[in-house]
Every structure is written in structure tokens, then in C-alpha cells.
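**Student:** One structure is given below, represented as C-alpha cells, and several questions about it will come after.
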Amino acid sequence: MIGYCHQAKDLRTFRLSRFLCIEMTNYTFQRGNFNIKNYRKIRGLLNAARNKSHF
């Protein structure tokens, strides 16, 4: 699931298998100019760069 991480102050991809519980709220959000294709492209490039790094 893609969402805003308040701790990182950025968009993150969250693994649903790590959720302990969820709760419906009345909170709403503004999506803004979010584009899933651009997000996946940018994250894919970052992940590829990370995978090439060896320590």
C-alpha cells in the first residue's frame, strides 16, 4: 500500500503483511498531483541503485 509516512515525511510503500490492525476513521486527505506511474518509476530506479551497492 502506498501512503504518506509521518515519521519519514514522505511517501512510502507499506507491506500489508506487517499491519497488526486497521481502523476506519473520518480523516480525509488531498491526493494532490500524485501519479502512480511516476512513483513506481522513481522507486524502481532507487531500488535498482540500492541493489547495485555492495558493502
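**Student:** Between a residue in the stretch 8-30 that is over 18 Å from ARG40 (Cα atoms) and any residue that is of a type outside the set (A, V, I, L, M), which pairs come within a Cβ distance under 8 Å, given they are 6 or more apart or on different chains?
**Tutor:** Sorted first by the residue in the stretch 8-30, then by its partner, the pairs are PHE29/TYR4.
Here is a yes/no grid of residues against (1) assigned to a helix (DSSP H, G or I); (2) among the hydrophobic types (A, V, I, L, M, F, W, C); (3) modelled with pLDDT of 85 or more; (4) more than 15 Å from the chain's Cα centre (by Cα):
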position: ILE22; (1), (2), (3), (4): no, yes, yes, yes
position: ARG40; (1), (2), (3), (4): yes, no, no, no
position: GLY44; (1), (2), (3), (4): yes, no, no, no
position: PHE55; (1), (2), (3), (4): no, yes, no, yes
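**Student:** Is it the case that some residue within the stretch 5-18 is at pLDDT 90 or above and either part of a strand (DSSP E or B) or among the acidic types (Asp, Glu) (or both)?
**Tutor:** Within the stretch 5-18, none of the residues are at pLDDT 90 or above and either part of a strand (DSSP E or B) or among the acidic types (Asp, Glu) (or both).
The values are calculated or read from the model by the stated rules, or taken from the named source; none is laboratory data. Note that the structure is a prediction, hence the values are computed from the model and not measured. In this analysis, Cβ positions are derived from the backbone assuming ideal geometry, glycine residues included, and neighbour counts consider all displayed protein chains.
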